[in-house]
Amino acid sequence: MDYKKIIKNFKGRKLLVIGDLILDHYIWGKVNRISPEAPVPVVEVSRESSLLGGAANVARNIVSLGGEASVIGMVGHDRAGEMLVSMLEAEGIALGGIFDADRPTTIKTRVIAHNQQVVRFDREDSTYVGGRLQRGIADYIADILGGFDAVVISDYKKGMISKKLVELIVRHALKRNLFIAVDPKVGHFDFYRGVSLITPNIAEASRGSGIEIIDDHTLQKAGRKLLRDLHLSAVLLTRGEDGMSLFMKDSTVHIPTVAQKVYDVTGAGDTVIAAFTLALAAGASMEEAAELSNHAAGIVVGVVGTAVATPAQILRSFR
């Protein structure tokens, strides 16, 4: 397997990312005492930072790996929306598909003390987009889909991804023989019928298949059921410290984890789907793409906060 050649071919590959745009906000500090007002830690704040999250982080991962990314999603008329657009622009991500929504930009705020997440609080409106805005998004996707090598649907269940929208994407992508990868959410599994690949974790695969995964037998049953019921080409099931399992029509491949240290799994799923889809667009087989995404994930979980992997880091990881 010539991973160096595959990674070199990342350059020039164009991926379209459709999904929920999120601003990841971090408050960093330290804890030295418990509050006298309630049995909670007092965080002494030292700094704050913001990073791209959700579908925006998938696009950031694609660009970090050497590919080209365009995003389709929504932001609100607020400071967070302005920040998100500015950060996407700074990363060289195409912005033509960002729509103004009559709702606040989704923000996830995480309080981190001593490299541990203390609490997270979310500001969002996750009602489904409809009406004129939905029609505008659908028309835009239909118009531009032909200019890409693959599509990633990043579903964070924040109102962007509906069954109707996925059906439209599948219909237009099939005409162009485009690969569609989906980072799924529980409650939406019936939306994904006919896409190429989904990348659930153990909990999502258990609930999506209706089979509780407790051992290798139930793992196989759940993976095969998702593959069959949703008419997929593959299921890439991420298993934490147990690595990944790639289910294809004629075979199953288990890939052990390569992570040396796990500090933070935030955004690891974004890295997996970005690396897998980009590798496939660059000429990799399904198994090679899974191996590459496994190494990319092993890099980002070793960093606190939403992180990305680079081609040089992945090549070092293989060595």
R176, sole failed condition from (1) in contact (Cβ under 8 Å) with a residue 12 or more places away in the chain; (2) at positive phi: (2)
Filtered residue count, region 110-129, keeping only those that are free of Cβ contacts under 8 Å to residues at least 60 places away in the same chain and either of a type outside the set (S, T, Y) or part of a strand (DSSP E or B) (or both): 9
Test: residue in region 240-248 that is under 29 Å from K163 (Cα atoms), at pLDDT 90 or above and surrounded by fewer than 22 Cβ atoms within 10 Å (Cβ to Cβ): yes
Restricting region 154-169 to residues that are out of contact with any Phe, Trp or Tyr (no Cβ under 9 Å at 6 or more places or on another chain) and not basic (K, R), the residue that is surrounded by the most Cβ atoms within 10 Å (Cβ to Cβ): S154
When residues of region 261-281 are limited to those that are modelled with pLDDT of 95 or more and over 14 Å from the mean Cα position of the chain (by Cα), the one surrounded by the fewest Cβ atoms within 10 Å (Cβ to Cβ): A281
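The values are calculated or read from the model by the stated rules, or taken from the named source; none is laboratory data. Since this is a predicted model, take the numbers as computed values, not measurements. Positions of Cβ are backbone-derived with ideal geometry, glycine not excepted, and every protein chain shown enters the neighbour counts.
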